[in-house]
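The values are calculated or read from the model by the stated rules, or taken from the named source; none is laboratory data. Computed from a prediction, not measured in an experiment: that's the story for all the values here. Cβ sites come from the backbone with ideal geometry, for glycine too, and all protein chains shown count toward neighbours. Just so you know, the surface numbers come from the protein's heavy atoms only, side chains and all, with ligands and any DNA or RNA stripped out. Shrake-Rupley method; radii C 1.70, N 1.55, O 1.52, S 1.80 Å.
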Amino acid sequence: MVLVTGGCGYVGSHTVVELLQEGESVLVVDDLSNASKKSLERVRQITGKEVCFEQVDLKDAKALGKVFDKYCGKKAGDKIDTVIHFAAFKAVGESVKKPLEYYQNNTIGVINLLFCMQKHAIKNFVFSSSATVYGVPERCPIEETAGRSALSPYGATKIITEDILLDIAKADKDFSAILLRYFNPVGAHKSGLIGENPKGIPNNLMPYITGAAIGKLPPLKVFGGDYPTMDGTCVRDYIHIVDLAKGHIAALKKVRQQKGAVAYNLGTGKGLTVLQIIQAFEKSTGVSLPYTIVERREGDATECYASTTKAEQELAWKASLGVEDMCKDHYDWQVKNPNGYND
Ligand code: UD1
């Protein structure tokens with residue numbers, strides 16, 4: 001059995017679909033602080049399969065311990081052998097305003113989780129890290145060996161968690177961890193049943209675009225038109241959420257075979273500007289997207305895209321969906337669920 005923390009969220013729910021389709025049994029642990037349990041009903045609709053669910057805040061060590069006892073105890077048939085850890089706060093700007101909450105939630109949670117794993121001798125861990133650990137990249141494509149630096153408390157919590165896992169792997173030769181550094185996940189499942197469900201006004205580009213496209217948000221502001229790129233706007237490596245979820249299946253296979261802690265980039269390796277995303281959105285949906293170019297957003301790197309060689313060679317995984325699928329699928333989800341899961 002695979003324990004998925006944060007399995008009701010955006011990346012979590014898409015990964016649960018892929019896990020179920022691979023025939024894995026899944027236990028989701030989520031505190032529902034920034035996600036809806038409806039996502040799991042939708043997962044059931046897509047896959048025809050059930051998942052176990054426990055509503056627990058990872059900061060509550062006692063409650064978490066009970067979940068492990070229940071699913072790893074003597075009576076438990078299908079025991080947890082691997083943990084995929086998504087549950088964390090993820091808003092960069094909010095982390096700058098509430099650093100303590102971010103450090104508390106994102107580090108105490110994972111420490112409690114790792115103690116439970118230690119108690120039950122569970123050795124396999126897949127961690128949802130982020131390209132944010134590279135800070136402002138020195139060069140692109142970014143290789144996994146590039147230096148890490150935190151530009152926000154959120155980024156710092158990703159680096160701290162990576163370091164915790166690297167240290168455990170040094171101390172326990174049977175421990176196996178894979179650190180997945182996501183670039184910019186966008187899109188939604190083809191069914192339009194699950195997708196991103198941001199609270200309030202989205203900070204990220206694609207949910208803002210789809211919100212503006214259905215008239216729920218004011219027209220898009222493009223942050224900065226004077227960057228040294230082909231059209232003056234920033235370059236990012238957008239990756240379809242289903243490709244990203246499949247990257248976790250590749251990581252699951254690997255984490256069960258290897259020992260030690262290893263990092264992989266999950267991106268397409270292809271950089272696109274904000275204006276290229278707007279064009280791709282208009283082309284794939286037929287919806288016109290008015291925008292204005294405004295001043296730069298503080299803290300944005302000019303360009304950020306992945307080297308995908310290591311993941312291709314060692315995980316045998318490569319993203320296959322293109323930018324038009326990313327735009328169309330994100331838009332379809334938004335049209336079918338204008339208020340996300342909160343209908
Ligand atoms: C952001 C986070 C990063 C996090 C990632 C995934 C920051 C500084 N970085 O990355 O740590 O891992 O999300 O959740 O917040 N843009 C606009 N108008 C908008 C929104 C965005 O022009 O309304 C531009 C941005 O300037 C950027 C690009 O679109 O060039 C992508 O932005 P975004 O989706 O926020 O992702 P990142 O900044 O790459």
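Worth a mention:
- Enumeration of residues in the stretch 224-249 that are over 20 Å from Pro141 (Cβ atoms) and either open to solvent by less than 40 Å² (accessible area, probe 1.4 Å) or within 13 Å of the ligand (Cβ to nearest atom) (or both): Gly224, Gly225, Asp226, Gly232, Ile241, Val242, Ala245, His248, Ile249
- Selection count, the stretch 295-308, where residues are more than 8 Å from the ligand (Cβ to nearest atom) and either crowded, with 20+ Cβ neighbours inside 10 Å or in a strand (DSSP E or B) (or both): 4
- Listed by first and then second residue, the pairs linking a residue in the stretch 279-296 that is farther than 17 Å from Gly187 by Cβ to a residue that is in a loop (DSSP other than H, G, I, E, B), with Cβ atoms under 7 Å apart and 6 or more places separating them unless they lie on different chains, are Pro290/Pro219; Tyr291/Pro219; Thr292/Pro219; Ile293/Gly225; Glu295/Gly224; Arg296/Gly224.
- Residue check, Ile159 under 19 Å from the mean Cα position of the chain (by Cα), open to solvent by less than 30 Å² (accessible area, probe 1.4 Å), within 14 Å of the ligand (Cβ to nearest atom) and without any contact (Cβ under 8 Å) to a residue 40 or more places away in the chain: yes
- Among all residues of the stretch 266-278, there is none that is at pLDDT 95 or above, under 17 Å from the mean Cα position of the chain (by Cα) and within 9 Å of the ligand (Cβ to nearest atom).
- From Glu101, Glu138, residue being part of a loop (DSSP other than H, G, I, E, B), away from the ligand (no atom under 16 Å from the Cβ), open to solvent by 60 Å² or more (accessible area, probe 1.4 Å) and out of contact with any Leu (no Cβ under 9 Å at 6 or more places or on another chain): Glu138
- Among the residues of the stretch 169-208, those that are over 15 Å from the mean Cα position of the chain (by Cα), open to solvent by less than 50 Å² (accessible area, probe 1.4 Å) and more than 16 Å from the ligand (Cβ to nearest atom) comprise Ala169, Asp172, Phe175, Ser176, Ala177, Ser191, Gly192, Leu193.
- The criterion of at least 1 residues that are of a type in the set (Ser, Thr, Tyr) and on the phi < 0 side of the Ramachandran plot is met, among strands (runs of 3 or more DSSP E) falling completely within the stretch 214-273, by 238-240, 260-266.
- Which numbered condition Ala311 fails, given (1) at pLDDT 95 or above; (2) small (Gly, Ala, Ser); (3) surrounded by fewer than 20 Cβ atoms within 10 Å (Cβ to Cβ): (3)
- Qualifying residue in the stretch 25-47 (condition: touching a Gly at 6+ places or on another chain (Cβ under 6 Å), open to solvent by less than 20 Å² (accessible area, probe 1.4 Å) and not in a strand (DSSP E or B)): no
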